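For reference, the structure is listed below as structure tokens.
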Amino acid sequence: MSQDTTQGNEVDTNVEITPEMQAFYQRADAIIGIANSQLGPEAHSGQVGASLLYAAARYSASVASIGFVKGDDFAKEKDDIVEFYVKQYRQMLSDNLTDYAQNFDKYVQLNQDDKAAK
């Protein structure tokens, strides 16, 4: 697993990058930067990745709860909420794995350059 994942965001050149998309990628890169800053002798990429995944799940649960008045009503929607987030994550993970595979040599070189600079 890569320790520096901010070099991604390869986008089809036929797709216009809107200001909203740019802001989306900037937020994602900022979060990835925070995750990368956690790497070190006390935490390897697998541990940081697990914490990041937990944080995403915890934040998503909070976001999903917006608009509900009762916990019981929220609980009734749990399966649909899980299905929504799993579908979104599956697509994003698949897209990023494809991107990483297509740009593997470039990304591996960037990671090696980053390690050498440290």
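The values are calculated or read from the model by the stated rules, or taken from the named source; none is laboratory data. Since the structure is predicted, the reported quantities are computational estimates derived from the model, not experimental observations. Cβ coordinates were reconstructed from backbone atoms using ideal geometry, including for glycine residues, and neighbour counts include every protein chain displayed.
Can you confirm whether GLY71 is under 17 Å from ILE31 (Cα atoms), loosely packed, with under 13 Cβ neighbours inside 10 Å and small (Gly, Ala, Ser)?
Values: under 17 Å from ILE31 (Cα atoms): no; loosely packed, with under 13 Cβ neighbours inside 10 Å: yes; small (Gly, Ala, Ser): yes.
No: the conditions fail for GLY71.
Go over the candidates ASP105, ASP114, ASP95 one by one and state the one that is in a helix (DSSP H, G or I), surrounded by 11 or more Cβ atoms within 10 Å (Cβ to Cβ) and at pLDDT below 95.
Details: ASP105 fails: surrounded by 11 or more Cβ atoms within 10 Å (Cβ to Cβ); ASP95 fails: at pLDDT below 95.
Residue meeting the stated conditions: ASP114.
Going by what's in this entry, would LEU52 be described as surrounded by 14 or more Cβ atoms within 10 Å (Cβ to Cβ) and either in a helix (DSSP H, G or I) or not aromatic (Phe, Trp, Tyr) (or both)? Don't jump to the end; show me each part of the working.
Working: surrounded by 14 or more Cβ atoms within 10 Å (Cβ to Cβ): yes; either in a helix (DSSP H, G or I) or not aromatic (Phe, Trp, Tyr) (or both): yes.
Yes, satisfied.
Hey, can you tell me all the residues within segment 1-42 that are touching a helix residue (DSSP H, G or I) at 6+ places or on another chain (Cβ under 7 Å), at pLDDT below 95 and of a type outside the set (Gly, Ala, Ser)? Spell out how you get there, then give the answer.
Within segment 1-42, the subset touching a helix residue (DSSP H, G or I) at 6+ places or on another chain (Cβ under 7 Å) is 1-10, 35, 38-39.
If we keep only those that are at pLDDT below 95 as well, we get 1-10.
Answer for segment 1-42, where residues must be touching a helix residue (DSSP H, G or I) at 6+ places or on another chain (Cβ under 7 Å), at pLDDT below 95 and of a type outside the set (Gly, Ala, Ser): MET1, GLN3, ASP4, THR5, THR6, GLN7, ASN9, GLU10.
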